[in-house]
1. Restrict the check to region 257-265 and report whether at least one residue is without any contact (Cβ under 8 Å) to a residue 24 or more places away in the chain and on the phi > 0 side of the Ramachandran plot.
2. Out of the residues in region 293-333 that are aromatic (Phe, Trp, Tyr) and part of a helix (DSSP H, G or I), which is most open to solvent (accessible area, probe 1.4 Å)?
3. May I ask you to say which residue of Gly251, Gly164, Gly176, Gly261 is at pLDDT 95 or above and surrounded by 24 or more Cβ atoms within 10 Å (Cβ to Cβ)?
4. Given the condition assigned to a loop (DSSP other than H, G, I, E, B), among the polar types (S, T, N, Q), open to solvent by less than 30 Å² (accessible area, probe 1.4 Å) and at pLDDT 95 or above, answer yes or no: does some residue in region 142-159 qualify?
5. Identify, please: which residue in region 1-52 is outside any loop (DSSP other than H, G, I, E, B) and within 12 Å of the ligand (Cβ to nearest atom) and is, among those, nearest to Tyr75 (Cα to Cα)?
6. Select, from Asp286, Asp298, Asp291, the only residue that is touching a Pro at 6+ places or on another chain (Cβ under 8 Å) and under 21 Å from Asn23 (Cα atoms).
7. Quick check: is even one residue across region 64-84 open to solvent by less than 30 Å² (accessible area, probe 1.4 Å), under 23 Å from Asp192 (Cβ atoms), part of a helix (DSSP H, G or I) and within 16 Å of the ligand (Cβ to nearest atom)?
8. Would region 80-99 turn up any residue that is touching a Lys or Arg at 6+ places or on another chain (Cβ under 9 Å), in the same structural domain as Leu132 (by TED's automatic domain parsing), farther than 19 Å from Thr163 by Cα and among the aromatic types (Phe, Trp, Tyr)?
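The values are calculated or read from the model by the stated rules, or taken from the named source; none is laboratory data. On a predicted model such as this, the values are computed, not experimentally measured, just so you know. Neighbour counts run over all protein chains shown; Cβ positions are idealised from the backbone, glycine included. These area figures cover heavy atoms from the full protein model, side chains too; ligands, DNA and RNA do not enter into them. Shrake-Rupley method; radii C 1.70, N 1.55, O 1.52, S 1.80 Å.
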Amino acid sequence: MFKAKTITKDIYYIGVNDRQKINFENQIPLPYGVSYNSYVIMDEKIALIDTVEIPFAEIFIDKLLQVLQGRSVDYLVINHMEPDHSGSIRAIRRLFPEVKIIGNNRTFKMLAGYYGIEDGLLEVTDGTTLSLGKHQLQFFLTPMIHWPETMMTYDATDKAIFTGDAFGAFGALDGGVIDSDLMINKYMDEFDRYFSNIAGKYGSPVQKALEKMSTIEVTFICPTHGPVWKDHIASIIEKTNRLSRYEGEKGVVIVYASMYGNTEQMAEAIAEGLSEAGEKKIMIYDVAKTDASFILTDIFRYDRLVLGSPTYNNGLFPEMASFLLKIENRDIKHRKFAYFGSSTWSNATTRIFSAFAEKMKWEVIGTPVEEQQSLKQNAYEACIALGKELASV
Ligand code: FEO
């Protein structure tokens, strides 16, 4: 019923939209859904590139059969083994018992472990080529984006590169598949959120992959999530390059926790100081209200970060403590950092933020502000001063 879509004369998109999943990886909200992308290259030999998560196998296989017109799949290329893409491998093998599964040695260990498949494999190494007839494929090993087996497949004939999760975006595909056929702003934001939360920790492997890609000519970037990139290739490569070097553009993200609004007032005062000093890009988030995936995206985007929390059971407010773990988990580098905290009888927050800054190797800006009970004039002035100092770096 649903149609496969043409990318080039021989390359078809046969992916699916998932608008039902609430949280990606059971942790990251999907307000616009997500797509699981799969592609077929039709030639003398037929190659299927990646599959989809298992609940969507029926729609996926239906599209595949339309494209095949009675022929069989010769090769199944596995660029990434995570189950949102490998989920339908067993179904494909059942349908086409002769299909050769292409991956690298790390792929095959996971393939055996997840699906018990150990035969009919074709192992590739970095640079291996494979002719489908007219289309010449080349495989690039790009480990740790964001799993160890991740690789990319380049179709030198149509200049299309199948990149796995690299260059992926959240957001189900609204009608079209190629960026030029979509309302692109939403996907650009979801591209940043996807990168920050999924691949953000792996800046150095991403840089290595970009270096490999710089040697080839690319007309289409075909990732496993989100739009196929054609018109915005330069801009997504530039974004990926900047984000993976942890180079924030100018801007300040203030993230606070507050139980009764007193710590929140300190955040407001710091923002006031920033604004008085001419800073315009100021983003303020209540860590207990906005999902961490959105806040992390802005922390990747901008160069300065301020964290504040009340003292809670002699530690940080729990949502802030959990947020620090999420930052640490992404290993966000090179941030200029300031912090503040409050308490009613004994302050623990500034000690914890100070140790966190040290662990992250961040540069601390200004004098941290501490207040007890409600915000009073001296601490207010100190927050204004901290804001002004942050604006000056
Ligand atoms: Fe979309 Fe890493 O799986």
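1. The initial filter retains those residues of region 257-265 that are without any contact (Cβ under 8 Å) to a residue 24 or more places away in the chain, namely 260-261, 264.
Checking which are on the phi > 0 side of the Ramachandran plot leaves us with 261.
Yes, there is a match, as at least one residue in region 257-265 is without any contact (Cβ under 8 Å) to a residue 24 or more places away in the chain and on the phi > 0 side of the Ramachandran plot.
2. Step one: filter region 293-333 for residues aromatic (Phe, Trp, Tyr), giving 294, 300, 302, 312, 317, 323.
Applying the additional criterion that residues be part of a helix (DSSP H, G or I) yields 294, 300, 323.
Values: Phe294: 76, Phe300: 1, Phe323: 3 Å².
Applying the filter and picking the extreme gives Phe294.
3. On the way: Gly251 fails: surrounded by 24 or more Cβ atoms within 10 Å (Cβ to Cβ); Gly176 fails: surrounded by 24 or more Cβ atoms within 10 Å (Cβ to Cβ); Gly261 fails: surrounded by 24 or more Cβ atoms within 10 Å (Cβ to Cβ).
Criteria check complete, one pass: Gly164.
4. Going through region 142-159, the residues assigned to a loop (DSSP other than H, G, I, E, B) turn out to be 142-150, 156-159.
Next, only the ones that are among the polar types (S, T, N, Q) stay: 142, 150, 157.
With open to solvent by less than 30 Å² (accessible area, probe 1.4 Å) added as a condition, the list becomes 142, 150.
So of that shortlist, the ones also at pLDDT 95 or above come out as 142, 150.
Yes, region 142-159 has at least one match.
5. So in region 1-52, the residues outside any loop (DSSP other than H, G, I, E, B) come out as 5-6, 11-13, 16-18, 23-24, 28-29, 34-36, 39-41, 47-49.
The next check asks that each one be within 12 Å of the ligand (Cβ to nearest atom); those that pass are 18, 24, 28, 34-36.
Values: Asp18: 26, Phe24: 29, Ile28: 33, Val34: 26, Ser35: 23, Tyr36: 19 Å.
If we take residues in region 1-52 being outside any loop (DSSP other than H, G, I, E, B) and within 12 Å of the ligand (Cβ to nearest atom), then Tyr36 is nearest to Tyr75 (Cα to Cα).
6. Values: Asp286 fails: touching a Pro at 6+ places or on another chain (Cβ under 8 Å); Asp298 fails: touching a Pro at 6+ places or on another chain (Cβ under 8 Å).
So the residue among Asp286, Asp298, Asp291 that is touching a Pro at 6+ places or on another chain (Cβ under 8 Å) and under 21 Å from Asn23 (Cα atoms) is Asp291.
7. Keep residues of region 64-84 that are open to solvent by less than 30 Å² (accessible area, probe 1.4 Å), which gives 64, 67-68, 73, 76-82, 84.
Filter again for under 23 Å from Asp192 (Cβ atoms), leaving 79-80, 82, 84.
Now narrow it down to the ones that are part of a helix (DSSP H, G or I): 84.
The next check asks that each one be within 16 Å of the ligand (Cβ to nearest atom); those that pass are 84.
Yes, region 64-84 contains at least one residue that is open to solvent by less than 30 Å² (accessible area, probe 1.4 Å), under 23 Å from Asp192 (Cβ atoms), part of a helix (DSSP H, G or I) and within 16 Å of the ligand (Cβ to nearest atom).
8. Taking region 80-99 as the starting set, the residues that turn out to be touching a Lys or Arg at 6+ places or on another chain (Cβ under 9 Å) are 81, 99.
From what's left, in the same structural domain as Leu132 (by TED's automatic domain parsing): 81, 99.
The next check asks that each one be farther than 19 Å from Thr163 by Cα; those that pass are 99.
Then drop every residue that is not among the aromatic types (Phe, Trp, Tyr), which leaves none.
Scanning region 80-99, I find no residue that is touching a Lys or Arg at 6+ places or on another chain (Cβ under 9 Å), in the same structural domain as Leu132 (by TED's automatic domain parsing), farther than 19 Å from Thr163 by Cα and among the aromatic types (Phe, Trp, Tyr), so the answer is no.
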